[in-house]
Every structure is written in C-alpha cells, then in structure tokens.
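The values are calculated or read from the model by the stated rules, or taken from the named source; none is laboratory data. These numbers come from a predicted model, not from an experiment. Don't worry about glycine lacking a Cβ; one is built from the backbone with ideal geometry, like all the others, and counts go over all protein chains shown.
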Amino acid sequence: MARLGMVIDTRQCVGCMDCVVACKTENDVPDGHCRDWISQRLEGAMPDLHLTITSERCNHCDRPPCVTCCPTGASHVHDYGKVVLVDHDKCIGCKACLASCPYGARFVHPEGYADKCTFCMHRVEKGELPACVAVCPTHAMHFGDLDDPQSEVSRLIASRRHFVLKPDAGTGPRIYYLE
Amino acid sequence: MLEFVTTRHNPMVDPALHVWGWEVPVYLFLGGWVAGSMIIAGWLARRGRRPGDGCVCHVLPWLSLVLLSLGMGALFLDLEHRLYVWRMYLTFQPLSPMSWGGWILILVYPVLLLGALTSIPTDLLSRWPAVAALAARLRQPEAAGRLGMVSIVAGIALGIYTGILLSSLGARPLWSSAALGPLFLVSGLSTGAAFAHLIARNADEQASLLKADTVFLAVELALIGLVLVGLLTASAVHANAAALLLGGPYTAVFWVLVVGLGILLPLLLQALMVSHRIPHTVIAPLLVIGGGLALRFVIVSAGQYSHWISP
C-alpha cells in the first residue's frame, strides 16, 4: 500500500503563492480560510541572512494525533495512500482535532465541520497530481509514494539534505523540505 | 535575528489557537462538580445514610442532574456541527478520551436518576407501582450500598476524564501532564464537598464535609505543584508552557484567582473553622467553587495558547 507524501525544494520555492491560489480554487476553500499557506523564516544578522520559504499544509502524519483524538472516527487515515482525511458527515465540530494538531493545519469550515488539506484525493485517485503541485511554476513541489524507493520523492529525500516541520512533536510528518 | 512571517489566517487558529471559549471550561467545571458530588453522595450512602435522615446525599443527585444538564448544554453550544452530535454514539473510539466522555455521560445519567429516585417519598410514587418497587429495592441497605459504589466509580470516571481529555492533546504542551486528570478530579471533589457543605443542615455532616474539603484543597495544591514541576523539568517546550503561569500572561489570574482566592484563602478559613476558631461561613465554600471555575478557565485558555516552538 502506498504512503503518499510530498517533497518541497526550499531552494526553488519563491513564495509566489500559486499553490495557495490553486488550492483555494480547486477545493473551493471558503473566504477567510486556507488549507495551505506560505511561511517565510529569516534568520541571521546582516549581511549573513538566510531566508527559508516553506509552502505548508497538513502533514498527513504517520502518527496523526487528530485521528486518535476524534470521538466519532470522522478524522481517519484513508486506505488509499494513508492520507489523513475528514468525513464531513461524521464530524460533530468538537474541535479536538484543531487543538491536537501542532501545525495548526485544520480549521472549522463555515458549514461546521473540520477541514484541511486532502492532498487533493479527488485528483490523485484519478492519477493526477494535487493542485498545488501541478501549478508550481518553479517545479519546487514533488508528490509520490514514500514507501517506493524508486519514486521521485524517495530519491529526492535519499539524495538531498532535508527537514520536516516540528519533528520533536513526534507525529511523523510526511512533508519533507529540501535544504 | 529571527523573523517569521506566515500567510495563514484561519479563524480560531491564528494568531494563537482559541478553539474553545467559555463553553468548554464551564462544562469541565460542572462535570467535575457533578463528579465530586457523586463520589461524596456515594460515599455517604455507603456509610449507611438512608432516605428521611436529612442527609445531603439525597439532594446531591437532583442537583447533579441539573448541573450536568447545564454542562452538557454548554458542551452542545460549543459544537460547530451540532445536528451531527448523534454521530458520537454510533461508535466508540478507544484512543479518544472525548469518546470515553460521551459514553461516561451516558452511564452517569442513569446512576444519578436511580440515586434521585431513592429520595422520592413512597406515597408520591404510588401511581407508578413498578417505579415504586424499584425505589423500594434501591432503598434496601445492600442495594443502596451497591448504588453508592457505582456512583463513586462513575464519579471518578467522569472527574478524571475531564483532565485526561486535555492531557491527551499533545500539541498543547501545558496540558501534557499526567497529573491533570487527578488534578481535575480532586478539584471536582473539592467543589462538590464545598457545595455539599454549603447546603448541608446537619452540623456533624457539615464538619465532616469541611474536613474532607480541607484535605481535597491541600491535595489540589500539591497536584498543581506536581503539574508545574513536571513541566519545568521536561523539554524547553514544556518549560515555556509552564512559564505562561510563572511570569507569563496567565500568571496573575492563575496565582490570584485559582491559587490565592480559590485554594489558599479557603484552606486557611476552613482550617480555622475545623479548629473552631471561627464559626462556619459560606465565604470559604463559595471561594472554592469560584476557584474551581477559574482553574478550568485558566488551564483551558493558557493550554490553547501554549504550542510547539520549533519551526
């Protein structure tokens, strides 16, 4: 069974926000909310400054706390690609999953249920790429099976220095950032 | 220099998590209060208190039903997808303390109803022979003792789950303490004992409840110390979370309302009352009840504010 994940090259990402716009358009994300976003981290002192731009979203963790805390089973790990999804008809809007996510990746949809990135499962199941990956103008984003050593994402992780967000939270995030 | 800029702007998540407002602390407080009342009522029932003897334990199930219903009302108001609440009872999620809580509440209601039933005078039940027969059976010493034990167990489950509910959410470092469950349980016991003391008519009963509450407050104080020491001696993330209460934005409200007015002052007043240096006063129990409410508000609010600091 595949274990889908994403690899994002921070050297190629320019923070253009195409991924954010593509996600909002593709998934009809309501106004005032976002499933993905851009963060910029500027470190150092003049003239030695280092800027890291990261396109962030739900990390579809290997040990997702949002799934274990959900009282109804609405938050679940989908059989296809072990992607973390929310069944809207089961969600009661208790917001435990929002509180349990160290990444702040979830929000409450105006209709009342918890919402977040789905890795565009409706596209992926048809063999297409997630909208954010498909539109990236610098080809900084890569998507595939992390369990397949021959996949593009596995080869990138094996060949380049990389990091994940909040590794000490212990959730096993599946979005890797190439340094 | 470190400058961090993000385009994320989701309501209830940014700039700091604030998913739970007044509803959840109120529910946790009322749930703890009911839990404490159930344990006290159960303990008194097992000590041989029987209907008609004026014991406060016969009133507590009725008040607990009201308080728990108010608490569940607050919880319902907190839900964002309210019409789907029944989904909670189509499944049991063993790793979700919130799922345990949903089912514990289902257990607690019938226990409270049976406890309340035993205090209804027999002649009022004459029109419903089956209910009257059940009430008569429950008044038998052996059955009353068993119901008392069930009440204690259900009360412990209810009281401790409210703390575990928070401590299981590892993304909030302030809540990452195994002592939070016992703390909320003991705080509930303290609130329950204070309220029972407030409404008790029998002087001996008042004195017993007063002594019990004094012990509960002392244990609560120790558990607060344990929570803080546990956080301070853990990782930097947890120490930063503890700093919210030790110099950070929640310091004043925590130390003044929760510890000072909610625990230390009533502890002093009750110690003086126990040693008969001052007469019984309603001030101490009212402070304890207010302190219990403040504890839930501070822990829920500060806990949401705490977060993992690494990028």
Qualifying residues in the stretch A:90-110 (those that are of a type outside the set (Phe, Trp, Tyr) and more than 7 Å from every other protein chain (Cβ to nearest Cβ)) - the one surrounded by the most Cβ atoms within 10 Å (Cβ to Cβ) | A:Cys97
Considering only residues of the stretch A:38-69 that are at the interface with another protein chain (Cβ under 8 Å from one of its Cβ atoms) and touching a helix residue (DSSP H, G or I) at 6+ places or on another chain (Cβ under 6 Å), which is nearest to A:Glu179 (Cα to Cα)?
-> A:Pro65
For B:Ile40, the lone unmet condition from (1) in contact (Cβ under 8 Å) with a residue 60 or more places away in the chain; (2) out of contact with any helix residue (DSSP H, G or I) (no Cβ under 7 Å at 6 or more places or on another chain) is (2)
When residues of the stretch B:177-226 are limited to those that are of a type in the set (Val, Ile, Thr) and surrounded by fewer than 24 Cβ atoms within 10 Å (Cβ to Cβ), the one nearest to B:Leu44 (Cα to Cα) | B:Ile199
How about the stretch A:1-21: which of its residues are more than 13 Å from A:Met141 (Cβ to Cβ) and among the basic types (Lys, Arg)?
-> A:Arg3
Of the residues in the stretch A:131-150, those that are in a loop (DSSP other than H, G, I, E, B) and surrounded by fewer than 20 Cβ atoms within 10 Å (Cβ to Cβ) come to A:Pro137, A:Thr138, A:His139, A:Asp147, A:Asp148, A:Pro149, A:Gln150
Could you tell me which of the residues B:Leu68, B:Leu63 is away from chain A (no Cβ under 14 Å), surrounded by 21 or more Cβ atoms within 10 Å (Cβ to Cβ) and in a helix (DSSP H, G or I)?
-> B:Leu68
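For (1) under 22 Å from the mean Cα position of the chain (by Cα); (2) within 14 Å of chain A (Cβ to nearest Cβ), each residue gets a yes or a no:
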| position | (1), (2) |
| --- | --- |
| B:Ala194 | yes, no |
| B:Asp204 | no, no |
| B:Leu209 | yes, no |
| B:Val215 | yes, no |
| B:Val237 | no, yes |
Just give me the residues in the stretch A:151-163 being surrounded by 16 or more Cβ atoms within 10 Å (Cβ to Cβ) and either within 23 Å of A:Gly127 (Cα to Cα) or hydrophobic (A, V, I, L, M, F, W, C) (or both), in sequence order.
-> A:Ser151, A:Val153, A:Ser154, A:Leu156, A:Ile157
Qualifying residue in the stretch A:115-126 (condition: of a type in the set (A, V, I, L, M), closer than 23 Å to A:Ile53 by Cβ and either within 14 Å of chain B (Cβ to nearest Cβ) or in contact (Cβ under 8 Å) with a residue 60 or more places away in the chain (or both)) | no
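Yes or no, residue by residue, for (1) over 17 Å from the mean Cα position of the chain (by Cα); (2) of a type in the set (Gly, Ala, Ser); (3) surrounded by fewer than 21 Cβ atoms within 10 Å (Cβ to Cβ):
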{"position": "B:Val24", "(1), (2), (3)": "no, no, no"}
{"position": "B:Leu30", "(1), (2), (3)": "no, no, no"}
{"position": "B:Ile40", "(1), (2), (3)": "no, no, no"}
{"position": "B:Ala45", "(1), (2), (3)": "yes, yes, no"}
{"position": "B:Arg49", "(1), (2), (3)": "yes, no, yes"}
{"position": "B:Val56", "(1), (2), (3)": "yes, no, no"}
{"position": "B:Val59", "(1), (2), (3)": "yes, no, yes"}
Residues that are more than 29 Å from B:Cys57 (Cα to Cα), part of a helix (DSSP H, G or I) and within 9 Å of chain A (Cβ to nearest Cβ), drawn from the stretch B:74-88 = B:Asp78, B:Arg82, B:Leu83, B:Tyr84, B:Val85, B:Trp86, B:Arg87, B:Met88
Just checking, how many residues over the stretch B:2-48 are part of a helix (DSSP H, G or I) and either more than 14 Å from chain A (Cβ to nearest Cβ) or of a type in the set (Val, Ile, Thr) (or both)?
-> 20
May I ask you to verify whether B:Leu174 is more than 14 Å from every other protein chain (Cβ to nearest Cβ) and either free of Cβ contacts under 8 Å to residues at least 24 places away in the same chain or hydrophobic (A, V, I, L, M, F, W, C) (or both)?
-> no
Test B:Ala116 against the stated conditions and say whether it is modelled with pLDDT under 95, away from every other protein chain (no Cβ under 13 Å) and surrounded by fewer than 18 Cβ atoms within 10 Å (Cβ to Cβ).
-> no
